[in-house]
Amino acid sequence: MHEASLVMALFDQIDRAVAAHPRARVQEVHVRVGELAGVEPTLLRTAFEAFRESRGRPEAALALIEEPAEWACAKCGDAMARGAVLQCACGGAARLSRGGDVFLDRLELEVPDV
Amino acid sequence: MCDTCGCGDANLVSVDVHQSLLSANDAQAAALRLRFTGDGVTVVNVMRSPGSGKTALLEATARAFAGRHRLAAVSGDLATSHDADRLARAGVPSAAITTGTTCHLDAAMVERALQGEIGAAARACEYFFIENVGNLVCPAIYDLGQHANVVALSVTEGVDKPLKYPVMFRHADLVVLTKVDLLPHLPEVSVAAIRDALARVMPEPELIEVSATKGAGLDAWLGWLEQRRAAALASRCEGFGS
Ligand SMILES: Nc1nc2c(ncn2[C@@H]2O[C@H](COP(=O)(O)OP(=O)(O)O)[C@@H](O)[C@H]2O)c(=O)[nH]1
Ligand SMILES: [Mg+2]
Ligand SMILES: [Zn+2]
């Protein structure tokens, strides 16, 4: 289960991103998981919830967006049907245009008044 | 009060990050690849399900390349160093990376291994093989600084594995179909069906059929390795020229 390792990396990213707001409470963590990212959203959520306390982000909620995979021809740009052979009629090979990554999109913070 | 914009609802701040969760690993892997490329070392990450015949393939590669090319290897293993021991017996300087409960290798583990005894051989060899942990899901997403990803798939695993594990095959540059000497005993396994499944998960599917025990297909595999090495070395020259 590599979702635990990914979540540790995620909390490192959160720490870096909020370094400018040392007293901020992280409320929402928006993560996009591609269908072909090799990441199981439910396992990612379980790992997130298991570690948020010890990583000092007890209020943080994980907002997950699941992104379907989309293949398109690298040559002519035509989309490929799901499950089809990844070779375009024009002779070009397919390239994954969406759904291959797991991304931290943004954070919502609450910054206490001074 | 928000002192940036003076808005009323002071305390909510949105921070855009737009960064892969793998970015730290990817940066470390890119640095490794640069160093390997500079040293003239071609790095091949071999992934597979357990028992697909990956160590046997590397043993056969070592026998075939003996006296022609220098090899070195690290093997990711949950608990033992059996694979590294087998490769050492086949004449390949090798080390085990014991991952414990972790199901994959990452760039940091490879970096740490290179700081050990295997480091010198890894810099002086022509081909450095990384035998990944036996798992069809997790290893695929971690860049280790390799020049090529190879998935070893055995004929005994059935023809639907590529469709079941598309992520691993999406990242593969080559699939080595292993244990093809067993095909006569497996009437329900058709290589054509495996090729069809691969074409739906790999944009430019490449498949080489090999029997590590009988030696069939080894020449094609060795030729593929030499071609990848030539390409990696050529990219190094281009890098120097620009
Ligand atoms: N018949 C046959 N058996 C093989 C071949 N390659 C490996 N094996 C057997 O498959 C088993 C697993 O091989 P191993 O190399 O340890 O697999 P790994 O777990 O992927 O490293 C062993 O019992 C090998 O003897 C092959 O080409 N033909
Ligand atoms: Mg092995
Ligand atoms: Zn096209």
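The values are calculated or read from the model by the stated rules, or taken from the named source; none is laboratory data. All values reported here derive from a predicted model rather than from experimental measurement. Here the Cβ positions follow ideal geometry from the backbone for every residue, glycine too, while neighbour counts run over all protein chains shown. To get the accessible areas, we keep the full protein, side chains included, count just its heavy atoms, and leave off ligands, DNA and RNA. Shrake-Rupley method; radii C 1.70, N 1.55, O 1.52, S 1.80 Å.
Quick look at the numbers
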quantity: For A:34-40, mean number of other protein chain Cβ atoms within 10 Å; calculated: 5
quantity: From phi via Karplus (6.51, -1.76, 1.60), per-residue ³J(HN,Hα) for the stretch A:55-64 in Hz, x at Gly/Pro; calculated: 8, x, 10, x, 7, 5, 10, 8, 9, 9
quantity: For the stretch A:85-93, 3J(HN,Hα) per residue [Karplus equation, 6.51 cos²θ - 1.76 cosθ + 1.60, θ = phi - 60°, Hz, x = Gly/Pro]; calculated: 4, 8, 10, 7, 4, 7, x, x, 8
quantity: Cα-Cα separations in the stretch A:1-87 greater than 14 Å, expressed as whole percent; calculated: 69
quantity: 5 angstrom amide H check on B:Ser75, placed H, neighbours 5+ away; calculated: B:Ala95, B:Ala96, B:Ile97, B:Glu131
quantity: Label-point separation, B:Asp160 to B:Leu233 (7 Å along Cα→Cβ), nm; calculated: 4.5
quantity: Packing-based ranking, highest mean first, of B:17-28, B:141-152 given that Cβ atoms within 10 Å are counted; calculated: B:141-152, B:17-28
quantity: Total charge dipole magnitude, the stretch B:27-225, about the Cα centre, Cβ charges on Lys, Arg, Asp, Glu only, Debye to nearest 20; calculated: 160
quantity: Degrees separating the helix A:41-51 axis from the principal Cα axis of chain A, which is the longest one; calculated: 20
quantity: Chain A: angle of helix A:3-17 to the longest principal axis, Cα-based, in degrees nearest 10; calculated: 60
quantity: Once exposed loop trypsin sites (Lys or Arg not before Pro) are cut out (DSSP; at most 12 other Cβ, 10 Å), longest piece of chain A; calculated: A:24-81
quantity: Amide H contacts under 5 Å for A:Glu67, placed H, 5+ residues apart; calculated: A:Val33, A:Gly34, A:Glu35
quantity: DSSP bridge orientation in chain A - percent antiparallel, rounded to nearest 5; calculated: 65
quantity: Amide H contacts of B:Glu206 (H built 1.01 Å from N, under 5 Å, at least 5 apart or other chain); calculated: B:Val175
quantity: Alpha carbon convex hull of the stretch B:95-242, projected area averaged over orientations, nm²; calculated: 10.5
quantity: Carbon and sulfur %, accessible surface of the protein assembly as shown computed with the full protein complex present, 1.4 Å; calculated: 53
quantity: Size of charge dipole - the protein assembly as shown - debye, nearest 20, with Cβ of Lys, Arg +1 and Asp, Glu -1, no other charges; calculated: 1120
quantity: Virtual spin-label span in nm between B:Leu12 and A:Ala63, 7 Å along Cα→Cβ; calculated: 0.9
quantity: Accessible surface, per residue, of the stretch B:27-225 when the full set of protein chains is kept, probe 1.4 Å, Å²; calculated: 38
quantity: Along chain A, longest interval not containing exposed GluC sites (Glu not before Pro), exposed being DSSP loop plus at most 16 other Cβ atoms within 10 Å; calculated: A:60-114
quantity: Surface accessible to a 1.4 Å probe, per residue, for the residues of chain A, Å²; calculated: 50
quantity: Inter-site label distance for A:Ala19 and B:Thr80 at 7 Å from Cα along Cβ, in nm; calculated: 4.5
quantity: Chain pair A, B: total accessible area buried, heavy atoms, 1.4 Å probe, Å²; calculated: 2900
quantity: Qualifying GluC sites (Glu not before Pro) in the stretch B:176-226, DSSP loop, other Cβ atoms within 10 Å at most 12; calculated: B:Glu188
